[in-house]
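The values are calculated or read from the model by the stated rules, or taken from the named source; none is laboratory data. Quick caveat: nothing in here was measured; it's all calculated off a predicted structure. Every residue, glycine as well, gets a Cβ built from its backbone with ideal geometry; the counts of neighbours run over all protein chains shown.
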């Protein structure tokens, strides 16, 4: 039985890795070891599971069926173990969480540390990334996401509200008077954050039921929110950033909001969970913990 379970988890890693080399990297073994074990599994089953060559890697029809069955069986097994453990109040196993870099460092990491302290038998793996492929997403029990959602089979659970603001440093605004309406942004130095595959230089505003879109001139851009905020603090230009990231700088006066009577699209913080399978007890517990941590008022609004 244990060997069968190990085989299922092994094949899931191969299928989700997309290549033998990537599967080997995730399992911290050599590619040749993965290839040999895959051949042994196919021999034992009497099935050809994977098309593989130097240029091509894909699952056969049998491989697709075996993968889908493995995902379902292991999910049921994990749920069963969670249910039995939860009867005694024990939370164990491994929780795989992914979150964005900035929010992950400033808020999610601390939340996970506190949650694990309450459940010392639980192991938690946190991965921080602002770019996540669909294949990678399947590796996680929960993904914390900010902003627009792409089409997905995942279910979103709200964690915290999060507005977006346009702001700049007092030094910059002393040299460039604050815009009174969005259209005036075209005369300003703006700093763009490249994230979520959004059109990052098209800033959209709403006021009194009307909408205005402005293509801002981007003198600087980065895929790192901390870098963008630091440039703004140095007086390099105006930024559009999440409330959670600039709230402290606004409170201390190091940054100043502009266009306060205009509203930008919300960038709510949500937890994404695969909707194809039931939520395990440990995921449910962590979701409740994180939601309670940011309610009724998130820390950046206190």
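On the given criteria, is residue 246 in the same structural domain as residue 129 (by TED's automatic domain parsing) and under 28 Å from residue 297 (Cβ atoms)?
no
Checking the structure you have, find out if any residue of the range 241-248 is outside any strand (DSSP E or B), in contact (Cβ under 8 Å) with a residue 12 or more places away in the chain, in contact with a helix residue (DSSP H, G or I) (Cβ under 7 Å, 6 or more places away or on another chain) and more than 23 Å from residue 294 (Cβ to Cβ).
Initial filter on the range 241-248 (outside any strand (DSSP E or B)): 243-248.
Adding the requirement that they be in contact (Cβ under 8 Å) with a residue 12 or more places away in the chain leaves 243-248.
Checking the rest, the ones that are also in contact with a helix residue (DSSP H, G or I) (Cβ under 7 Å, 6 or more places away or on another chain) come to 243-247.
Pick out the ones that are also more than 23 Å from residue 294 (Cβ to Cβ) and you get none.
Within the range 241-248, not a single residue is outside any strand (DSSP E or B), in contact (Cβ under 8 Å) with a residue 12 or more places away in the chain, in contact with a helix residue (DSSP H, G or I) (Cβ under 7 Å, 6 or more places away or on another chain) and more than 23 Å from residue 294 (Cβ to Cβ).
Table: residues versus (1) surrounded by fewer than 13 Cβ atoms within 10 Å (Cβ to Cβ); (2) at pLDDT 85 or above; (3) on the phi > 0 side of the Ramachandran plot; (4) touching a strand residue (DSSP E or B) at 6+ places or on another chain (Cβ under 9 Å).
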site: 36; (1), (2), (3), (4): yes, yes, no, no
site: 42; (1), (2), (3), (4): no, yes, no, yes
site: 46; (1), (2), (3), (4): yes, yes, yes, no
site: 55; (1), (2), (3), (4): yes, no, no, no
site: 63; (1), (2), (3), (4): no, yes, no, yes
site: 67; (1), (2), (3), (4): no, yes, no, yes
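Out of 290, 228, 283, 273, one residue alone is farther than 23 Å from residue 158 by Cβ and either surrounded by 17 or more Cβ atoms within 10 Å (Cβ to Cβ) or not assigned by TED's automatic domain parsing to the domain that holds residue 114 (or both). It is 228. Which one of 202, 122, 126 is in contact (Cβ under 8 Å) with a residue 40 or more places away in the chain and more than 23 Å from residue 301 (Cα to Cα)? Within the list 202, 122, 126, the selection yields 122.
Look at residue 85 and say whether it is more than 18 Å from residue 291 (Cβ to Cβ) and either modelled with pLDDT of 80 or more or under 15 Å from the mean Cα position of the chain (by Cα) (or both).
Working: more than 18 Å from residue 291 (Cβ to Cβ): yes; either modelled with pLDDT of 80 or more or under 15 Å from the mean Cα position of the chain (by Cα) (or both): no.
It is false that residue 85 is more than 18 Å from residue 291 (Cβ to Cβ) and either modelled with pLDDT of 80 or more or under 15 Å from the mean Cα position of the chain (by Cα) (or both).
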